[in-house]
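Accompanying notes for the structure given below.
The values are calculated or read from the model by the stated rules, or taken from the named source; none is laboratory data. Quantities reported herein were computed from a predicted structural model and do not represent experimental measurements. Cβ sites come from the backbone with ideal geometry, for glycine too, and all protein chains shown count toward neighbours. Areas reflect the complete protein model, heavy atoms only, side chains present, ligands, DNA and RNA absent. Shrake-Rupley method; radii C 1.70, N 1.55, O 1.52, S 1.80 Å.
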Amino acid sequence: MSPLQPPRARRVAVVGGARIPFARSDGPYATASNQEMLTAALNGLVERYGLSGPGAVGEFVAGAVLKHSRDFNLARETVLGSELDPRTPAYDIQQACGTGLQAVIAAANKIALGQTESAIAGGADTASDAPLGVNDALRRILLQARRAKSPGGRVKALARVRPAHLVPDIPRNAEPRTGLSMGEHAAVTARAWGIGRREQDELAAASHQRLAAAYERGFFQDLVVPFRGLARDQNLRPGSTVEQLATLKPVFGLDQPEPTMTAGNSTPLTDGAATVLLASEEWARARGLEPLAYLTAYETAAVDFVHGDVAEGEDGLLMAPAHAVPRMLERAGLGIEDFDLVEIHEAFASQVLATLAAWEKRGLAPVDRARLNVAGSSLATGHPFAATGARIVATLARLLAERDGPGRGLISVCAAGGQGVTAILERV
């Protein structure tokens, strides 16, 4: 018996995307679950591209970062509650803020290897409905009661419950290894790279202004589906200026002199969901769909933000893309100057600026700011953790598609846990 020959990798097309408007936490989506939001985004994609027929899509992969126990099998349950064929396989994935982009990569790999012809990737997160954990002391008592061999044993165990045990464990935006919040980590990195207040506010104001301009010219008409009364991202402040942002008080790095990070140059807690349709060229052609762009390369990286070179900025919590992008570009034989558009997830303005400085330190050319996040990014849209990667892929693909002629775009997403996910989109 002759061995099977490895398949030749195929190009993976980004056909389109759909997301719901992103909302500030405890706002319009306060009672919406991850599944409800993800289903709304998925149905928007199904309707737009006629995907409701039997076997229309080969697979659905998505995830969430803040998950309840009810979110078990989130992707599959979303399929079953959507207009997609219920026979569509689905599975969950999670890599903190890189979840959406990692889902795209996972789906793309199967298409590239010929294991499926089409797939949908995405993610959802609700900061409004973050899971509350059972007090750990109460949890141990309940487990002891469950293990008891007699009713008397169960009563004896439950008699140990005290009022303090009824206080739930409140979720904290902190790294388990350091106890510092993401914002505090970013403040350390901002100091290490000498990132100033005004340049952060300038980047934040530009994000809002560019997102507003994109909405005004109808750019998001094919990307955003209304949900719960919202038609635009709720965090958007079209009139944002550097002068307005300069009036805000710092909220991170307060233990150091002259802190620079404010609520205005940091992303707010956000609810939302996003999806992307990926396919082989043959699948798209057979359905008369023109690919927006092609996913041609991707790279992940991680830094040691616990014991590494944090003070000098090399191993800051959100600095993994500073390592991933140079590696990816070297492998692809490209430089920053070869990209028409650059999309950097704006977890914090300081983190974007530190990443740009680190790329230059590693020998990459400076990024032309006119090519950076040209339709706004997370500072303006908000950041539902697992949805951001899918939002960026769909946005960048459409930006490339509306240009005259070929184009190339770079994606950089930092993530909790000291990780980064990066990718390249091209239109030929």
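Miscellaneous remarks
- Around the Cα centre of the stretch 1-70, unit charges on the Cβ atoms of Lys, Arg, Asp and Glu (plus for the first two, minus for the last two) sum to a dipole of about 280 debye.
- For ALA394, net neighbour charge (Lys/Arg +1, Asp/Glu -1) across residues whose Cβ lies under 12 Å away: +2
- Set of aspartates and glutamates near LYS67 by C-alpha distance (under 14 Å), chain-local residues within fewer than 8 positions excluded: GLU36, GLU77, ASP92, ASP125, ASP129, ASP271
- Most fluctuating residue given options ALA119, ALA159, ALA56, as computed from a GNM of the chain linking Cα atoms under 10 Å: ALA159
- Positive end of the dipole of the chain (Cβ unit charges, origin at the Cα centre): among ILE344, PRO89, ALA302, the Cα lying farthest that way belongs to PRO89.
- Label-point separation in nm, ASP368 to ALA311, each point 7 Å along Cα→Cβ: 4.0
- Dimensions (Å) - the stretch 247-346, Cα atoms, principal axes, largest first: 60, 33, 26
- Size of charge dipole - the stretch 242-384 - debye, nearest 20, with Cβ of Lys, Arg +1 and Asp, Glu -1, no other charges: 300
- Rolling a 1.4 Å probe over the protein heavy atoms of the chain, with every protein chain left in place, gives an accessible area that is 52 percent carbon and sulfur.
- Heavy-atom accessible area, probed at 1.4 angstrom with all protein chains present, ranks ARG191, ARG287 as ARG287, ARG191, highest first.
- Using θ = phi - 60° in the Karplus curve 6.51 cos²θ - 1.76 cosθ + 1.60, the 3J(HN,Hα) couplings for the stretch 293-299 round to 6, 10, 8, 10, 7, 7, 8 Hz; x is entered for Gly and Pro.
- Model label sites at LEU143 and ALA30, defined 7 Å from Cα along the beta-carbon direction, differ in position by 3.5 nm.
- Proportion of all alpha-carbon pairs of the stretch 106-252 beyond 22 Å (%): 71
- Label selected from (1) 20.5, 60; (2) 23.4, 83; (3) 22.4, 77, the criterion being Rg and Dmax of the Cα atoms in Å as computed here: (3)
- Residue by residue, the stretch 415-427 carries 3J(HN,Hα) couplings of 8, 4, x, x, 10, x, 10, 9, 7, 10, 10, 9, 10 Hz when phi is fed to the Karplus relation 6.51 cos²θ - 1.76 cosθ + 1.60 (θ = phi - 60°); x denotes Gly or Pro.
- Cβ-defined net charge surrounding THR270, 13 Å radius [Lys, Arg +1; Asp, Glu -1]: -3
- Accessible surface, per residue, of the stretch 122-228 when the full set of protein chains is kept, probe 1.4 Å, Å²: 56
- Where ARG228, ARG76, ARG198 fall by accessible area, highest first, once all protein chains stay in place (1.4 Å): ARG198, ARG228, ARG76
- For the stretch 200-280, the C-alpha radius of gyration sits at 1.37 times the compact-globule guess of 2.2 N^0.38 Å, with N the residue count.
- Between PRO406, PRO176, PRO151, the residue with the greatest mean-square fluctuation in the GNM of the chain (Cα pairs under 10 Å linked by springs) is PRO151.
- The heavy atoms of HIS68 offer some 40 square angstrom of accessible surface to a 1.4 angstrom probe.
- Percent antiparallel among DSSP beta bridges (both partners in the chain, rounded to 5): 75
- Average Cα contact separation per residue, the chain, under 8 Å, 6 or more apart, as relative contact order %: 26
- Distance distribution note for the stretch 88-193: the fraction of Cα pairs above 17 angstrom is 73%.
- Gaussian network model of the chain, springs between alpha carbon atoms under 10 Å - residue of SER118, SER52, SER377 with greatest fluctuation: SER52
- Magnitude of the charge dipole for the chain, about its Cα centre and with charges confined to Cβ atoms of Lys, Arg (+1) and Asp, Glu (-1), is about 1640 debye.
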